[in-house]
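Notes for the one structure printed next.
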Amino acid sequence: AVVDGDKKSVGVTEANLKDFLTEPVIPEKKVSADGRVGVANGMAYTQYGGDLLPVETLSMPGSGKVILTGSLGDVMKESAEIAVSYIRSVAREFEIRQSFYRDTDIHVHFPEGAVPKDGPSAGVTVTSAIISELTGCPVRGDISMTGEISLKGSVLPIGGLREKTMAAYKAGVRTILIPRANEQSLREVDPEIKENVR
């Protein structure tokens, strides 16, 4: 540091580190165990590491439109379309009105639109959030999930499991749903997470 033209050394310690840094711009996310209808927690892999990716859905009378908002790439849009098609095929199993795709608009929103989101791994999260919205059954807030969904409803493997699980754990998630095909990837997950997360 330079003080009055003289160079002086400064010791930085854990105790005074905050004096040199500004507060974080984005507060850390924390989940609540309370479930909400139409909301499910996914996990994203970004250029900065992992991130918790909440997905919000809302249904309203309409003509069967699917509205997508957030900073989304084409693959995310395809995931939402696949989710709706799959839900149509299993509507009876979930006691969802068969005509929902003709008389209901579904809005799918990925909050924090400034963070670009692309990739198919939110498919299972989008599907869960829409089913929750259409059935009125809440999704637990302390669970997060990841996995690409196929048109037939299979959950396909994903990448970035280490980063995704770290982000979920830091946010307070203690149950994480992953594709069965990613069981081998558990080797790369931090040991502390494996000890504390189901």
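The values are calculated or read from the model by the stated rules, or taken from the named source; none is laboratory data. If you're wondering where the values come from, they're calculated on a predicted model, not measured in any experiment. All Cβ positions, even for glycine, are placed from backbone atoms using ideal geometry, and neighbour counts span all protein chains on display. Note: accessible area is taken over every heavy atom of the protein model, side chains too, but ligands, DNA and RNA are not part of it. Shrake-Rupley method; radii C 1.70, N 1.55, O 1.52, S 1.80 Å.
Assign one of three labels to segment 45-103, namely rounded, prolate or oblate, based on the Cα gyration tensor with a ≥ b ≥ c the square roots of its eigenvalues; rounded applies when a/c is under 1.5, prolate when it is not and a/b is larger than b/c, and oblate otherwise. Verdict is prolate for segment 45-103.
The packing ranking, built from the mean of other Cβ atoms within 10 Å per residue, places the peptides 174-187, 46-59, 155-168 in the order 155-168, 46-59, 174-187, highest first. Would you work out if segment 121-190 is rounded, prolate or oblate? Take a ≥ b ≥ c from the square roots of the eigenvalues of the alpha-carbon gyration tensor; rounded if a/c is under 1.5, else prolate when a/b is larger than b/c, oblate otherwise. Verdict is oblate for segment 121-190. Accessible area of residue 67 (1.4 Å probe, protein heavy atoms only, ligands and nucleic acids ignored): about 60 Å². Surface composition of segment 32-103: carbon and sulfur atoms hold 47% of the protein heavy-atom accessible area at a 1.4 Å probe. To check you understand DSSP bridge types, tell me what percent of the beta bridges within the chain (both residues inside) are antiparallel, rounded to 5. Percentage antiparallel, nearest 5: 65.
Of the residues 84, 12, 31, the one that moves most in a GNM of the chain with alpha-carbon contacts below 10 Å is 12. The mean sequence separation of alpha-carbon pairs under 8 Å and at least six residues apart, normalised by the residue count of the chain, gives a relative contact order of 27 percent. Taking every full run of DSSP H in the chain, the ones that stretch at least 20 Å from end to end by Cα along their long axis and average 0.0 or higher on the Kyte-Doolittle scale are 74-90.
A protection proxy built from the mean count of other Cβ atoms within 10 Å ranks the segments 34-41, 75-82, most packed first, as 34-41, 75-82. Distances between placed amide hydrogens fall under 5 Å for residue 42 paired with 53, 55, 145, all partners being 5 or more residues away or on another chain.
How would the chain be classified by its alpha-carbon gyration tensor: rounded, prolate or oblate, with rounded meaning a/c under 1.5 and the a/b versus b/c comparison settling the rest? Here the chain falls in the prolate category. Heavy atoms of the protein chains alone define the surface here; on that basis the chain has 60 Å² accessible area per residue at 1.4 Å probe size. Look at the dipole of the chain built from charges on Cβ: of 21, 44, 90, the Cα furthest out on the positive end belongs to 90. Taken about its Cα centre, segment 125-191 carries a charge dipole of roughly 80 debye when the Cβ of each Lys and Arg holds +1 and the Cβ of each Asp and Glu holds -1.
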